[in-house]
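Peer 1: Please find one structure pasted underneath; my questions will follow.
The values are calculated or read from the model by the stated rules, or taken from the named source; none is laboratory data. The model shown is predicted, which means the values in this text are computed figures rather than measured ones. Heads up, the Cβs are rebuilt from the backbone with ideal geometry, glycines too, and the neighbour counts pull from every protein chain shown.
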Amino acid sequence: MNLQVEKAILQTEAELSRINLILDKLLWEAQTNRRTQNVIRNSLVAPIFVEIDEFVKKFQLTFEESLSTIIDEELSLTRFGDGEFKLLLRSDYNLAFQRNEPGLQSGLKQVLEEPVEGLLVGFPYIYRDQHWQEVWSDVWFSLKPFLDNHTRFANSHISRPIFFQYMGEKGVKMWRNVWEKKKVTVITGENSRFEAIPELFDNVSSLERIDSTPTNAFNDLSNVLSKVANDTSDILLVSLGPAGTVLSHQLAKQGRRALDIGHISDSYINVFKGGKWPEKKPVAK
């Protein structure tokens, strides 16, 4: 081999070795910084979680209690999650499928400030991952005054994957018991990904559907309510995002039984059939 070529190869190998050492050091520093940031973040949010844990212990029903109460007392349900809280409290916050506006904020505020007999309001399951740490750090202190008007909350995640992971087939049977032999109407977005899968819904007496817009459904609620006025079903199942939170409250005020079920079918499919996480799917088909 040419001596110059051999020398060049050796120099290249030495340079690559030096670069690898630098990269290893940078990786170590990044990992150390990340761990430090996690420790700092956990320390900062710890007092918030103490308050939230006390609130949940006092006011929130468990998964099973939430659904048992809905069944036994034939209640309606509306649910709050991170999106609803941020829309309520942050005027500049928008979702991909629902832009924020004063009317929506006012509607969400009414759900919390104006309890309706026969309506159970859902409060989220308390995750402690980075996403929810950021959510609670952002909203908790502003949210607390809105929670004073209710003596109990359902767990909002009873229609989410974690419910089916925790409750298994028992949870499926409980949900099916809600609408057993009932006339059901589903209110959802046009061409939405909601499916009345047989594993959950093949025991209903009948199933109809009222379509709203696939995005910004809050602006379509008056149209939905006019359609509901001609509906004779026993139960209205609502899958309409934050607009559904407001709609379920309005329907309960009218004396209708409405259940905000969100992504219940996708959640079932995710847990029992290995389907995608609900939010990983497109808004419409």
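Peer 1: How many residues does segment 88-119 contain that are of a type in the set (A, V, I, L, M, F, W, C) and under 16 Å from the mean Cα position of the chain (by Cα)?
Peer 2: Filtering segment 88-119 for residues of a type in the set (A, V, I, L, M, F, W, C) gives 88-89, 95-97, 104, 108, 111-112, 116, 119.
Applying the additional criterion that residues be under 16 Å from the mean Cα position of the chain (by Cα) yields 88, 95-97, 108.
Summing the residues that are of a type in the set (A, V, I, L, M, F, W, C) and under 16 Å from the mean Cα position of the chain (by Cα) in segment 88-119 gives 5.
Peer 1: Does Asp92 meet the test of being in a loop (DSSP other than H, G, I, E, B), farther than 30 Å from Arg176 by Cα and not polar (S, T, N, Q)?
Peer 2: Working: in a loop (DSSP other than H, G, I, E, B): yes; farther than 30 Å from Arg176 by Cα: yes; not polar (S, T, N, Q): yes.
Taking the combined requirement at face value, the residue satisfies it.
Peer 1: Something else now. List the number of the failed condition for Lys170; all other conditions in (1) in a loop (DSSP other than H, G, I, E, B); (2) loosely packed, with under 15 Cβ neighbours inside 10 Å hold.
Peer 2: Unmet condition: (1).
Peer 1: Now a separate question. Which pairs turn up if I take residues in segment 190-210 that are free of Cβ contacts under 8 Å to residues at least 12 places away in the same chain and under 16 Å from Lys273 (Cα atoms) and look for partners that are among the hydroxyl-bearing types (Ser, Thr, Tyr) and surrounded by 18 or more Cβ atoms within 10 Å (Cβ to Cβ) with beta carbon separation below 6 Å, at least 6 apart in sequence or on another chain?
Peer 2: The qualifying pairs do not exist here.
Peer 1: How about segment 94-111: which of its residues are loosely packed, with under 14 Cβ neighbours inside 10 Å and at pLDDT 95 or above?
Peer 2: Pro102, Gly103, Ser106
Peer 1: Has segment 113-122 got at least one residue that is surrounded by fewer than 16 Cβ atoms within 10 Å (Cβ to Cβ) and on the phi > 0 side of the Ramachandran plot?
Peer 2: yes
Peer 1: Here's a check for you: in segment 45-87, which residue that is within 19 Å of the chain's Cα centre (by Cα) and hydroxyl-bearing (Ser, Thr, Tyr) is farthest from Ser137 (Cα to Cα)?
Peer 2: The extreme case among them is Ser76.
Peer 1: A further question follows. Determine which member of the set Ser159, Ser137 is touching a helix residue (DSSP H, G or I) at 6+ places or on another chain (Cβ under 6 Å), of a type in the set (Gly, Ala, Ser) and surrounded by fewer than 19 Cβ atoms within 10 Å (Cβ to Cβ).
Peer 2: Numbers: Ser159 fails: surrounded by fewer than 19 Cβ atoms within 10 Å (Cβ to Cβ).
Within the list Ser159, Ser137, the selection yields Ser137.
Peer 1: What number goes with the only condition from (1) of a type in the set (A, V, I, L, M, F, W, C); (2) in a helix (DSSP H, G or I); (3) modelled with pLDDT under 75 that Phe85 does not pass?
Peer 2: It fails just one condition, (3).
Peer 1: Also, I was wondering about something else. In this structure, is Gly275 assigned by TED's automatic domain parsing to the domain that holds Leu67, on the phi > 0 side of the Ramachandran plot and not in a helix (DSSP H, G or I)? Working first, answer last.
Peer 2: Details: assigned by TED's automatic domain parsing to the domain that holds Leu67: yes; on the phi > 0 side of the Ramachandran plot: no; not in a helix (DSSP H, G or I): yes.
Judged against the criteria, Gly275 is not a match.
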